[in-house]
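K.L.:
First, the structure itself, so that you have it in front of you.
The values are calculated or read from the model by the stated rules, or taken from the named source; none is laboratory data. The structure displayed is predicted, hence computed values, not measured ones. Because the Cβ atoms are built from the backbone with ideal geometry, glycine has one as well, and the counts that use them run over all protein chains shown.
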């Protein structure tokens, strides 16, 4: 989400940039796992060609960016990730703040939910256990923020983070091939 919190250009007017974070731990002690992380959104949907959202997968100090891909279901967009045995990665879906128009428009809001499954090409066929921690994180920036024009001493960023519910109420989830 990229939305203004209050009208005007003077404090307390600020814009919030909010992103979806998903920490995933592969609890399998013997095998890496390839996962499909699917975002299901209807109002509005995500169009990977718009370029207004981006994803990152953070593993071993490497923030790997990638676009979501379309699937046969028009409301389902996907990114496939790999997590080694007994390891943890951080998945991020955020507004594309590298596109100046996304910040200038400050009119992006996407709602939906996430489904995780074992990728069809994964050699693993059994049910796999994952530990998942979904959350929203946000940053509040001054209205009409323009990084090159703002002295560092004048930056006023506040943060928010809150956990999101998991179906069944447990962070321990079982996944299968879709």
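K.L.:
Residues that are within 22 Å of residue 104 (Cβ to Cβ) and within 16 Å of the chain's Cα centre (by Cα): which strands (runs of 3 or more DSSP E) entirely in the stretch 1-51 hold 1 or more of them?
P.N.:
Per the criteria, 2-4, 14-26.
K.L.:
Is it the case that some residue within the stretch 99-111 is closer than 30 Å to residue 13 by Cβ, touching a helix residue (DSSP H, G or I) at 6+ places or on another chain (Cβ under 8 Å) and either at pLDDT below 90 or surrounded by 14 or more Cβ atoms within 10 Å (Cβ to Cβ) (or both)? Break it down into steps so the answer makes sense when it comes.
P.N.:
Just the residues of the stretch 99-111 that are closer than 30 Å to residue 13 by Cβ, to begin with: 99-111.
Next cut, touching a helix residue (DSSP H, G or I) at 6+ places or on another chain (Cβ under 8 Å) only: 108.
Now restrict to residues that are either at pLDDT below 90 or surrounded by 14 or more Cβ atoms within 10 Å (Cβ to Cβ) (or both): 108.
The answer is yes, given that some residue of the stretch 99-111 is closer than 30 Å to residue 13 by Cβ, touching a helix residue (DSSP H, G or I) at 6+ places or on another chain (Cβ under 8 Å) and either at pLDDT below 90 or surrounded by 14 or more Cβ atoms within 10 Å (Cβ to Cβ) (or both).
K.L.:
Continuing with the same structure: Determine whether the stretch 52-69 contains at least one residue that is in a loop (DSSP other than H, G, I, E, B), surrounded by 14 or more Cβ atoms within 10 Å (Cβ to Cβ) and out of contact with any helix residue (DSSP H, G or I) (no Cβ under 9 Å at 6 or more places or on another chain).
P.N.:
No, there is no match, as no residue in the stretch 52-69 is in a loop (DSSP other than H, G, I, E, B), surrounded by 14 or more Cβ atoms within 10 Å (Cβ to Cβ) and out of contact with any helix residue (DSSP H, G or I) (no Cβ under 9 Å at 6 or more places or on another chain).
K.L.:
For residues that are closer than 14 Å to residue 35 by Cβ, at pLDDT 75 or above and over 17 Å from the mean Cα position of the chain (by Cα), tally how many sit in the stretch 132-178.
P.N.:
5
K.L.:
Going by the conditions given, is residue 85 modelled with pLDDT of 85 or more and exposed (fewer than 14 other Cβ atoms within 10 Å of the Cβ)?
P.N.:
yes
K.L.:
Kindly list the number of the only condition in (1) closer than 18 Å to residue 113 by Cβ; (2) loosely packed, with under 14 Cβ neighbours inside 10 Å that fails for residue 79.
P.N.:
Condition (2) is where residue 79 drops out.
K.L.:
Just to be sure, is residue 125 at pLDDT below 85 and exposed (fewer than 11 other Cβ atoms within 10 Å of the Cβ)?
P.N.:
Criteria met by residue 125.
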